[in-house]
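Pasting a structure here, questions to come.
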Amino acid sequence: MGSPQRPPLAHVFRGTFVHSSRSAPMEILHEHLLGVDDSGTIVFLEQSDQQEQLAKKWGFKTSDIRELSNYEFFMPGMVDTHIHAPQYSFTGTRVDLPLLQWLTTYTFPTEAKYKDSDFAEEVYTRVVRRTLKNGTTTACYFATIYTDTSLLLAEILDKFGQRAFVGKVCMDVNDSMPQYKEITADSVRETERFVKELLEKKYPRVQPIITPRFGPSCTEDLLHALGNLAQAHDLHVQSHISENEEEIKVVENMFPAYQNYTELYDKNKLLTSKTVMAHACHLSEEELKLFSLRGAAISHCPSSNFSLCSGILNVQMVLKHDVKLGLGTALGLDDVIGNFEVGKEFDALLINTKASDSPFDLFSADNFEDTVQKFLYLGDDRNISEVYVAGKQVVPFSSSV
C-alpha cells in the first residue's frame, strides 16, 4: 500500500521572508519556499533548492507556486496589544488635556454613545478594516461598558478575519459622569454574560478578555470579582496602570491598604501570566519585580503618552527586570504566531517596497536590509499589498465584507 494522500496545500510561496527568531532579532531568508496547509498552519520553510523533495512530499506542482518579485517580501503580521475601539471615532483629535480630564471631557461622553448599535457598528467596522489594512493581524481591544455592542465588535472581527481579544469594559466608579458607569453586581453579571456568549459563538480567533478599566474607575469588590472570574475561566486580563502621576495619587487615596498600584491588581488575582497592562510609565522597581514574578506584560504606548503628557516609560529599566514588553506584544500567543516557524499559523503581510505610490524611495546602493528598514520606519498601508490571518487572505477585502 502507498502512503496516504496528503491534503492539497492552501499556499506555496517562493521568495524572501523576513522575521525574528530566538537566535536573531531579524532574519532575512532569501530564495525560500514556504508552504501553508488548509488549516492555515505553516508546514515547511526551506531553501528553494529543496523544491523537488518538498513537491514530492507535499504533492504540489511548479504551477502552484506563487513567485514573489525582488521587491516583495513576507513579514509576520503585526500585533497591537492595546486599542480602544470606541475611541477610533476621534483618533487624531482632542489631545489637548491630561489623562483624567481627557477621559471626562472627551472619552466617557463618546463611549456612552456605544449603547446605540448602529453607531457602534459603523465605528467598529471602520476600526477593524483600518487596522487590518495597516497590517495588524492580531489586536487586543477595549470596547465599552455595553455588553451587546461589545459582542457586536467580536462579530465584526470574526467577519473580517482579524485575530483578537475583546473586552467589555468594567467600571463602577465615575464621579465625573455618573451616567457612564455600572452598578457593581451588574458589571460582574454582564461580564459573565459577555464571556459566556462570546465563548458560545466559537469564533476561531476571537476571544474574551477581562477588562477592568483602571484603578480609579473600579471598587475593590469589582476588582476582586473580576479576578475570580478570570481565574475560574483561565482568561486573559487587560487594564491600565500608572499612566500618569495624578492617576497614581487617586489610586493611593482610594486604596490606602495596598502598598502600590501593582499590588492592587495582584492581590485581586488580576496580575497573571495572561495579563497585559497598558502604559506603566511610573512603576517602581519593586512593582517591576512583581510584574516579572507573575509573568505579566506591559503594553508600551509612546504616542499616547506623549500626546497626553502622561510620562515616559523607561524601557531599559523594564527590560532589565525581565518584564515582557510589547508595543501598544505579549499576548501569550507566541506558540501560535509571531514568526514563520513550522507549526505556527500563517499571519503575514506581503510587502511591496516598490508600490506605485510608495512613501519612500529606493536607491541602487540600498541592500535588502536597507529596504526592509525603509519599510519599517517610513512605509505604510500603501506598501502592504496583501494581509493573511491563519492562511486566509483578509486584505484586499472581499466583496462580502
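The values are calculated or read from the model by the stated rules, or taken from the named source; none is laboratory data. The shown structure was predicted, so the numbers you read here are calculated from the model rather than taken from an experiment. Note: ideal-geometry Cβ built from the backbone for every residue, glycine included; neighbour counts use all protein chains shown. Calculation scope for accessible area: heavy atoms of the full protein, side chains included, ligands and nucleic acids excluded. Shrake-Rupley method; radii C 1.70, N 1.55, O 1.52, S 1.80 Å.
Determine one quarter of the surface area of the Cα convex hull of segment 152-276, which equals its mean projected area, and express it in nm² to one decimal. It would help to have the intermediate numbers written out before the result.
Details: hull surface 32.1 nm².
With every direction weighted equally, the projected area is 8.0 nm².
Another question, then. Using only alpha-carbon positions, what ratio does the radius of gyration of the chain give when scaled by 2.2 N^0.38 Å? Let's see the in-between values first.
Working: Rg = 22.5 Å, N = 401, 2.2 N^0.38 = 21.5 Å.
Computed over Cα atoms of the chain, the ratio equals 1.05.
In segment 196-243, which trypsin sites (Lys or Arg not before Pro) fall in coil by DSSP and have 12 or fewer other Cβ atoms within 10 Å? All intermediate terms of the calculation are to be shown ahead of the outcome.
Details: sites: LYS196, LYS201, LYS202, ARG205, ARG213; in loops: LYS202, ARG205, ARG213.
Passing sites in segment 196-243 are LYS202.
Arrange the peptides 257-268, 138-149 so that the one whose residues have, on average, the most other Cβ atoms within 10 Å appears first. Walk me through the numbers before you get to the answer.
Details: 257-268: 19.8, 138-149: 23.9.
Highest to lowest by the protection proxy: 138-149, 257-268.
Give, rounded to the nearest 20 debye, the magnitude of the charge dipole that the chain has about its Cα centre when Lys and Arg contribute +1 at Cβ and Asp and Glu contribute -1 at Cβ. Don't skip to the answer; put the middle values down first.
Details: 38 positive and 55 negative charges, 152 e Å.
Roughly 740 debye, rounded to the nearest 20.
Right, another one. For segment 187-233, what % of the accessible area comes from carbon and sulfur atoms, probe 1.4 Å?
On the way: 1010 of 2110 Å².
Carbon plus sulfur share of accessible area: 48 percent.
Which of rounded, prolate, oblate describes segment 306-401, given a ≥ b ≥ c as roots of the alpha-carbon gyration tensor eigenvalues and a/c under 1.5 marking rounded, otherwise prolate only if a/b is larger than b/c?
Here segment 306-401 falls in the oblate category.
At 0.36 nm per residue, and after removing the present C-alpha to C-alpha distance, how many nm does the segment from GLN53 to THR219 gain when stretched out fully? Walk me through the intermediate numbers first.
Working: separation 166, 0.36 × 166 = 59.76 nm, distance 6.20 nm.
Gain on extension, GLN53 to THR219, equals 53.6 nm.
Net charge near TYR261: determine it from the other residues with C-beta under 9 Å of the C-beta of TYR261, scoring Lys and Arg +1 and Asp and Glu -1. Walk me through the numbers on the way to the answer.
Details: positive: none; negative: GLU247, GLU252, GLU263, GLU287.
Neighbour charge sum, excluding TYR261 itself: -4.
How much net charge surrounds PRO212 when only the other residues with a Cβ under 12 Å from the Cβ of PRO212 are counted, with Lys and Arg +1 and Asp and Glu -1? Please report the intermediate quantities before stating the final value.
Details: positive: LYS168, ARG213, LYS269; negative: ASP172, GLU182, GLU220, ASP221.
Local charge sum for PRO212: -1.
Still on this structure, I have one more. Could you tell me the distance between the Cα centroids of segment 82-101 and segment 124-200, to the nearest Å?
So the two Cα centres are separated by 16 Å.
So with the 1.4 Å probe, I'd like the accessible area per residue for the chain, rounded to whole Å². Intermediate results must be reported in sequence, preceding the final value.
Details: 18740 Å² over 401 residues.
It amounts to 47 Å² per residue over the chain.
Shape call for segment 90-228 from the C-alpha gyration tensor, a ≥ b ≥ c root eigenvalues: rounded (a/c under 1.5), prolate (a/b greater than b/c) or oblate? Don't jump to the answer; show the numbers that get you there.
Working: a/c = 1.87, a/b = 1.16, b/c = 1.61.
Since a/c reaches 1.5 but b/c is at least a/b, the shape of segment 90-228 is classed as oblate.
Let me ask something additional. Excluding residues on the same chain fewer than 8 positions from LYS181, give the lysines whose Cα lies under 24 Å from its Cα.
Partners found: LYS113, LYS115, LYS168, LYS196, LYS249, LYS267, LYS269.
By the scheme Lys and Arg +1, Asp and Glu -1, what is the net charge of all other residues having a beta-carbon under 11 Å from that of ASP334? Spell out each step's value before the answer.
Details: positive: ARG22, LYS324, LYS344; negative: ASP335, GLU341.
Net charge around ASP334: +1.
Using 7 Å Cα-to-Cβ label points, what is the PHE397/MET254 separation (nm, one decimal)?
Modelled inter-label distance: 3.7 nm.
Let me see the P(r) profile for segment 61-107: every Cα-Cα distance counted, bins of 5 Å, each bin given as a percent of all pairs.
5, 13, 14, 15, 8, 7, 8, 9, 7, 7, 4, 3, 1
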